[in-house]
1. Taking only Cα atoms, what is the 0 to 90° angle, nearest 10, from helix B:267-287's long axis to the longest principal axis of chain B?
2. With runs of 4+ DSSP H residues as the only contributors, calculate the mean residue ellipticity of the protein assembly as shown at 222 nm using -39,500 (n - 2.57) per run, divided by the residue total and rounded to the nearest 500.
3. Say we join alpha carbon atoms closer than 10 Å with springs in a Gaussian network model of chain B; which of B:ILE190, B:ILE376, B:ILE327 then has the biggest fluctuation?
4. For a quick check: with amide H placed at 1.01 Å from N, whose amide H comes under 5 Å from B:TYR150's, ignoring anything fewer than 5 positions away on the same chain?
5. Mind putting together the pair-distance distribution for the protein assembly as shown? All Cα pairs, 20 Å bins, whole percent per bin, short to long.
6. Under 15 Å Cα-Cα from B:LYS158, which aspartates and glutamates qualify once same-chain neighbours fewer than 8 residues away are excluded?
7. Which value in nm describes the separation of the simple spin-label points at B:ILE391 and A:ILE179, placed 7 Å from the Cα toward the beta carbon?
8. Go through B:TRP104, B:ALA55, B:ALA207 and say which Cα lies farthest out towards the positive end of the charge dipole of chain B; charges sit on Cβ, +1 for Lys and Arg, -1 for Asp and Glu.
Amino acid sequence: MRPIDVKTYLLAFLITALVFGLGIALNIHFNTKRAESIRTIGDRITIDILSSETQFDLLQEASCRHLGSTALSTELGELGNRLSFMESELSANNDEVIHLKRYYSLLQLKDYVLMQRIEEKCAEAPVSIIYFYTNARECEECKRQGFVLTYLREQYPALRVYSFDYDLDLSALETLTSIYNINPDRLPALIMNDDVYYGFRSIEDLENLVPQIKTLKTMQATTTATSTQ
Amino acid sequence: MLSSLSATDIIIYGFMFISLYFQVFLVITFLNRRKALHAEHAVISAHLITPFNAATTPSVAIFVPCFNEEKTLSGTIDSLLALDYPKDKLSITIVDDGSSDNTWSIAQSFATHPQINAFTKENGGKHTALNFALAHTTAEIVGCLDADSYVGKDTLRKLIRYFDDSETMAVTPALKIHNPSSMMQRIQSIEYKIGVFLKKLYEQLDAIHVTPGPFSLFRRRVFDELGVYRKAHNTEDMEMAMRMQSHNYKIRNCATAWVYTCGPKTLKKLYVQRVRWTYGFIKNTIDYRHLVLNPKYGNIGMITIPTACAGLLGIMALLAIGFTNWIRLGFEKYELWSTVGINPEWPRLFHNLFYVRTSILTFVSIILLALTVTLILTAKKYVEGSAKPDIEFFLYIIVYPIIAPLWLMKSVYNAALSKKTSWR
């Protein structure tokens, strides 16, 4: 029997475990910070939406030129990007990610409703596309549709793209899907000018279906990714 | 968070944990033994100025097995003849293992020298040449010097000093690449320096698992008691060390007894050599599997061989995972580009620190990399006296991780299918 210095074995294990423990602690810390930053952006958007809604209520008969903001769209895009990154870091099933995703979806819905009201009153509203995808099954077309919408939003920062995970447990979202009678078996689905389109649509298809897209001012990309898809 | 770990994550984290554990273990060992190692250097230096004592100086026989070594054999023999050791106590046996070039003529040209015996035999492999030489000597200490290696003048004296301890059964030297000129040789040059440092640490752990062909010395009784050299998957030096370890024979190392070896010049030659070494390690470990995780055999059973095995498996798993990920990424990029065209952009992390990945893996990888660099530079300082990074260091850090997987994969493949390796 040859001697073994048990102390060295234990010390090495302790140090290694400490390094891993520190790694786990730092990981938790940075992810908490990320979630906080997402919430901060979300809060900012909430205030923006509330402000716009209040402004809308206050100026019932006032000029439409005071309403609407493309900056909000950019903020929503950035929120989507960050959420998408968190999803890749923590997985789509992570409780925190699902919570933030529901929050993000709700903000998108609120923004969408506000834009609808502006459209009714002012007969003009930002060009928007509502996009439904699914994470519940393998959906190659959803992935490709995500690429197209990301690209379009990069090209046209004023374009509002609202992307929703069909399977997200959110009653407001269920209301929207029932209004448009979205069929989950035919995803991806796009709602443009109140019409529902199923299946993958290329850049050219979308530009033809929504000619207003081409009238939007193109810009160097400042944001990317449309959704957590 | 931990519940969301996939099987891939568990493999990666497990491998990282073992790698980090082993490196930390080595660092602790070095810090614990640092003073003793320096003291040992001083003792060996002092020994060099002590006159030989005819009564206690052991007789030594050095074997030079050679097969088609016409270019390097003369240099090898000349370096042996120049050794600082009593001439009547040192004999050299050249065994030509059926060379088809001029090796035998060169060997014969040395045969008239009183210290040299030269033999030729039918080709049978290195282990047969060594056993042939063993049968022709009665020296107390025997060793081998590959015919592409050269010894320093004081190397033998330094090594012999370790046999003052009656329990020492073998002593390994410190290997250096002889005149590194090609890029591959320069990479090996730093690799060998790391090897010198690690070998010394392994010695401190009583866990040396290779007694290298170039100039490892043995007490003759090792062969009398444990048997002669075996083919051992073309790595007879590894098998001999494992056999000694499995019989609890003490193997020491002298980190200042320099032996210069001609490293493979090209990637192809290096690849062949490393496939042979790694294949030999796998096969010999299987043959000596009773050592693995057996506390009876101390550190070699509990840490060095198990972590080497885990490292090999881990690298294979990482390669498979990395390869799968690259394929998946490639498909994703293809899908993206075929859908919206190519729109190159800077990664988002350059715009915002939010996008810097901060997983446990990132953090542990940074620590592991820092520890690896520290170990390499510590090895450099230990061997050269300076830790200053040089061109070899950067070549090693950048090129080695790219080329090493080539022979690791081939060795595992060969071992799995029991495909034999070749010497050249």
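Please treat every number below as a calculation from the coordinates, not as lab data. Note that this is a predicted model, so its numbers are computed, not measured. We place every Cβ from the backbone using ideal geometry, glycine too, and count neighbours over all the protein chains shown.
1. 80 degrees
2. Working: 19 runs with 361 residues, N = 653.
Computed ellipticity for the protein assembly as shown at 222 nm equals -19000 deg cm²/dmol.
3. B:ILE327
4. Correct list: B:TYR260, B:THR261.
5. For the protein assembly as shown, the pair-distance distribution reads 16, 37, 22, 17, 8, 1.
6. B:GLU40, B:ASP84
7. Taking the simple label geometry, B:ILE391 and A:ILE179 are separated by 7.0 nm.
8. B:ALA207
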